[in-house]
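Note sheet for the following structure.
The values are calculated or read from the model by the stated rules, or taken from the named source; none is laboratory data. Note that the structure is a prediction, hence the values are computed from the model and not measured. Positions of Cβ are generated from backbone atoms using ideal geometry, with glycine treated the same way; all protein chains shown enter the neighbour counts. Accessible surface areas use protein heavy atoms only, side chains included; no ligands, DNA or RNA. Shrake-Rupley method; radii C 1.70, N 1.55, O 1.52, S 1.80 Å.
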Amino acid sequence: NEVQFAASNKLKNTNYQNVYNDIANVIRENDEHDDYIGSGPVLLRLAWHASGQFDSKQEIKGGSYNGTLRFDKELSDPSNAGLKYAFDLLKPIYKKYNHQISHGDLFTLAGVVAVQEMGGPKIPWRYGRVDGDIETVPLNGRLPDANQNANYVRNFFHRLNFLEDKEIVALIGAHCVGKTHLKNSGFEGPWGAATNMFTNEFFRNLLTEKWVLEKNEAGNQQYNNDKGYMMLPTDMALVQDGSFKKIVEEFANDESSFFKVFSSAFNKLLENGIKFEKSSPVLYFKTLDEQDI
Ligand code: HEM
Ligand SMILES: CCOC(=O)c1cnc2ccccc2c1N
């Protein structure tokens with residue numbers, strides 16, 4: 001199974017901070033999205049869905065390289081409901097850099113911007129993905145089902161080459177931001193508690209709140225507490241499995257440990273299946289605040 005080689009791009013390293021800043025400004029300008037949660041969480045989900053359909057065993061491997069989430073064929077996958085809004089936010093930026101940045105680079109960079117601008121860890125990032133044509137679109141249905149248990153979650157992430165439980169737990173910790181929307185996924189909430197700050201709160205909630213399994217208006221089972229918080233069955237799986245639970249406890253007690261593992265796991269997710277040249281620079285970006293913008 002051939003890997004795909006990242007191309008060297010016309011944009012020099014310094015210009016990518018400009019692209020970062022343009023995406024960060026779009027997040028600032030669209031702060032009213034989703035009752036003022038803002039557009040950080042949905043851009044983070046876009047980057048994850050642009051990368052998470054990777055499967056090295058398939059003829060069409062997927063992953064972020066070909067930027068295939070731009071095609072309606074993939075965007076219309078029921079798993080991607082709600083992401084067109086995020087893609088539309090990025091279209092003016094794609095046009096501004098007219099073909100100097102690929103869709104795969106743009107989608108993954110947007111995830112880095114979202115995490116960092118919401119106060120999360122620095123995420124190392126490399127450019128060089130090249131847009132593939134519609135033949136490179138992976139089959140729909142490769143993203144995970146939220147109605148499942150711990151073994152399903154572990155096997156799903158094994159397909160993405162995440163063989164360590166701590167990587168899996170850290171990645172799902174991205175559910176510290178944003179919310180579920182009945183019309184998108186058939187799950188709803190958290191109400192009021194939905195945040196746009198990237199912290200270890202998701203892990204603390206799992207351990208400290210009293211959770212009741214209830215059927216929601218769409219007929220799906222989800223865990224609710226008395227404060228309007230919610231957890232998906234796959235979220236709750238992280239405290240139903242002994243090994244996962246130990247890691248939830250570690251991350252709940254030590255946010256820096258969560259940040260460290262999330263940073264490397266998220267980078268790995270965004271680069272699955274891509275071979276970067278040795279010379280391809282690993283870029284770190286300053287937040288708008290760090291630039292006094
Ligand atoms: C077992 C794996 C996972 C499952 C089953 C899952 C499922 C879901 C579902 C059902 C939603 C609600 C979508 C909606 O109704 O709008 C959601 C939202 C979200 N997911 Fe996940 N997810 C998983 C892993 C991840 C990972 C690995 C990340 C990122 C690293 C992530 C980031 C997000 C974010 C940021 C949101 C909020 C989006 C918004 O507020 O619009 N998820 N997820
Ligand atoms: C930190 C407070 O948020 C939560 O506990 C929480 C739990 N599961 C989620 C699942 C999908 C999207 C958002 C989610 C979320 N925001």
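Condition check: among the β-branched types (Val, Ile, Thr), open to solvent by 10 Å² or more (accessible area, probe 1.4 Å) and farther than 24 Å from Ser185 by Cα. Does Val113 satisfy that? No.
I'd like the full set of residues that are within 11 Å of ligand 1 (Cβ to nearest atom), more than 12 Å from Phe203 (Cα to Cα) and of a type outside the set (Val, Ile, Thr), limited to the range 214-236. Residues satisfying the conditions are Ala218, Asn220, Gln222, Met230, Leu232, Pro233. Candidates in the range 75-100 are the residues that are assigned to a loop (DSSP other than H, G, I, E, B) and under 18 Å from Thr136 (Cβ atoms); of these, the one that is most open to solvent (accessible area, probe 1.4 Å) is His99.
Of the helices (runs of 4 or more DSSP H) contained entirely in the range 135-232, those carrying at least 3 residues that are more than 10 Å from ligand 2 (Cβ to nearest atom) and touching a residue at least 60 places away in the same chain (Cβ under 8 Å) fall at 150-159, 165-172.
The single condition among (1) under 27 Å from Gly38 (Cα atoms); (2) surrounded by fewer than 18 Cβ atoms within 10 Å (Cβ to Cβ) that Asn161 does not meet is (1).
Checking each residue in the range 266-293 for being part of a loop (DSSP other than H, G, I, E, B) and open to solvent by 50 Å² or more (accessible area, probe 1.4 Å) picks out Glu277, Lys278, Ser279, Val282, Tyr284, Lys286, Asp292, Ile293. In this structure, Pro144 does not qualify as under 21 Å from Val115 (Cβ atoms), surrounded by fewer than 21 Cβ atoms within 10 Å (Cβ to Cβ) and more than 8 Å from ligand 1 (Cβ to nearest atom). Asp235 meets each of the listed conditions (1) among the acidic types (Asp, Glu); (2) surrounded by 19 or more Cβ atoms within 10 Å (Cβ to Cβ); (3) not in a helix (DSSP H, G or I) apart from (3). Among the residues of the range 37-74, those identified as near ligand 1 (Cβ under 8 Å from one of its atoms), within 13 Å of Glu271 (Cα to Cα) and outside any loop (DSSP other than H, G, I, E, B) are Ala47, Trp48.
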